[in-house]
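The next block holds one structure in the form of structure tokens; read it before the comments.
The values are calculated or read from the model by the stated rules, or taken from the named source; none is laboratory data. The model shown is predicted, which means the values in this text are computed figures rather than measured ones. A quick note on method: Cβ atoms are made from the backbone with ideal geometry, for glycine too, and the neighbour counts reach across all protein chains shown. Quick note on the areas: whole protein, heavy atoms, side chains included, nothing else; ligands and nucleic acids left out. Shrake-Rupley method; radii C 1.70, N 1.55, O 1.52, S 1.80 Å.
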Amino acid sequence: MSKKQRFIVVAAATAALAGLLAGNAQADPTGPPTYRDLVGVGSDTTQTVLNGLADSVTVNGVKVLGSYDARGSAQIVTKDPATNPACSIARPENSGGGVTALQNDIQAGTNCVQFARSSSNSAATNPNLKFIPFAVDALTYAVRSDSSVPKKLTKLQLTAIYTCANTAFKPLAPQFGSGSRSFFVKNVMPSGTVDSATLFGVGGQYSCVNDKDASGEGIQEHVGTYLTDVKNLVPYSIAVYNSQVYGNAPAAQGKAVLGTIDNVQPTNMNTNSILKRDVYNVIPADKLAVAPYSTVFVGGDSLVCKATDVITRYGFGVNPTCGQPVQ
């Protein structure tokens, strides 16, 4: 069993236990109906809050959202095999994978995936999709509680570490395709840096940054147990960390503690955060005015936008532009 497979088994067991103890939403849709009208895949960052929304958002008393986590079984079945046998698909692992799965579904016309979860905005390269913000998150960096990395850094110091100008530490990054990685690269790396599979790691542009674990598997977002060295640091979602610590998401933080950037405390819903970001649900552009897409996602009075109690429960901030598609 690979390290990644072991992590998946442990994470699944932890999620199940958390569900029993705290009544949290499950990793994949459970309960009636088994197959939902609006199936979503993608981002690690927003998977847990979407699970919560899937349990609370209903149309005529029926749950319509089915959100499948970025980690779990290798395959997912998103629609009833009796009526749509094509919908056994590989589980997308991150924002980029979710958007790709949605694009592939549109092109194939299989109707297996209706939306993608994304923690970064790639609307410019996906003109046939609409990125609809629904909540606010912020990134910071995480270190071990016994770390030798300063727990307070400036953004310039963080840039120096991730561009290998400062080699005193051992920076980590999520795997390529991660929305959090994409956002981090855009906002922390030098202007004009293009994210790619060879940006980090041995032979990469910034070889001091590792985006793979000891077994060669890509590093997953917001998992503190990757911090195996006191010199490690890694980008981390503030909302996800708070959800993990307070039991609204499976505990994956390990010994991780959040660092402070430019003297702004790493608290959820801190609108002064240096790396504040919108997070998105992504739908086909031609579905903006089509129910149930429009009812659930579009506009400030959409069902998702009105569920502010669920959004804040999972550590995210209320988005003033919730439901307004990015142009």
### Query
To the nearest Å, what is the center-to-center distance of the stretch 217-290 and the stretch 156-181, using C-alpha atoms only?
15 Å
### Query
Amide H of THR260: which non-local residues (sequence gap of 5 or more, or other chain) have their own amide H closer than 5 Å, using H built in the peptide plane?
LYS152, LEU153
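Just the number please: accessible area per residue for the chain, 1.4 Å probe, all protein chains included, in Å².
42 Å²
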### Message
Using the Karplus curve 6.51 cos²θ - 1.76 cosθ + 1.60 with θ = phi - 60°, what ³J(HN,Hα) values do you get for each residue of the stretch 300-309, in whole Hz, with x for Gly and Pro?
### Response
x, 9, 5, 4, 5, 5, 7, 8, 5, 5
### Query
Hey, which lysines would be in cross-link range of LYS79, C-alpha to C-alpha under 29 Å, not counting anything within fewer than 8 residues on its own chain?
LYS4, LYS63, LYS130, LYS287, LYS306
### Cα point-scatterer Debye curve for the chain, base-10 log of I(q)/I(0) at q = 0.07, 0.10, 0.13, 0.16 Å⁻¹
-0.26, -0.54, -0.93, -1.42
### Message
How charged is the neighbourhood of PRO92? Take every other residue with its Cβ under 14 Å from the Cβ of PRO92, and add Lys/Arg as +1 and Asp/Glu as -1.
### Response
-3
#### Entry: the chain, dipole about Cα centre (Lys/Arg Cβ +1, Asp/Glu Cβ -1), debye to the nearest 20
540 debye
### Query
Quick one: Karplus J couplings for the stretch 177-194, per residue in order, coefficients 6.51, -1.76, 1.60, θ = phi - 60°, nearest Hz, x for Gly and Pro?
x, 5, x, 5, 4, 4, 5, 4, 4, 5, 9, 10, 6, x, 3, x, 5, 9
### Task
Pop out the ³J(HN,Hα) list for the stretch 54-65 in order, Karplus 6.51 cos²θ - 1.76 cosθ + 1.60 with θ = phi - 60°, rounded to Hz; leave Gly and Pro as x.
4, 7, 10, 7, 9, 10, 6, x, 10, 5, 10, 9
### Query
What part of the accessible area of the stretch 193-294, given as a whole %, is carbon or sulfur when the probe is 1.4 angstrom?
50 percent
### Query
Any idea what the alpha-carbon Rg over 2.2 N^0.38 Å comes to for the stretch 168-281?
1.06
#### Entry: Highest to lowest packing among 249-259, 187-197, scored as the average C-beta count within 10 Å
249-259, 187-197
### Summary
Of the candidates ALA74, ASN166, GLY323, the farthest towards the positive dipole end of the chain (Lys/Arg Cβ +1, Asp/Glu Cβ -1, centred on the Cα centre) is ASN166
### Summary
Between LYS306 and ALA90, the FRET efficiency computed from the C-beta separation at R0 = 45 Å comes out, to the nearest 0.05, as 0.85
### Task
Could I have the simple spin-label model distance between VAL59 and SER207, label points 7 Å from Cα toward Cβ, reported in nm to one decimal?
5.4 nm
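How large is the charge dipole for the stretch 110-235, taken about the Cα centre, if only the Cβ atoms of Lys, Arg (+1) and Asp, Glu (-1) carry charge, to the nearest 20 debye? Please report the intermediate quantities before stating the final value.
Working: 11 positive and 8 negative charges, 63 e Å.
Roughly 300 debye, rounded to the nearest 20.
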#### Entry: Nonlocal amide H pairs with GLY66, under 5 Å, H built at 1.01 Å
LEU38, VAL39, GLY40
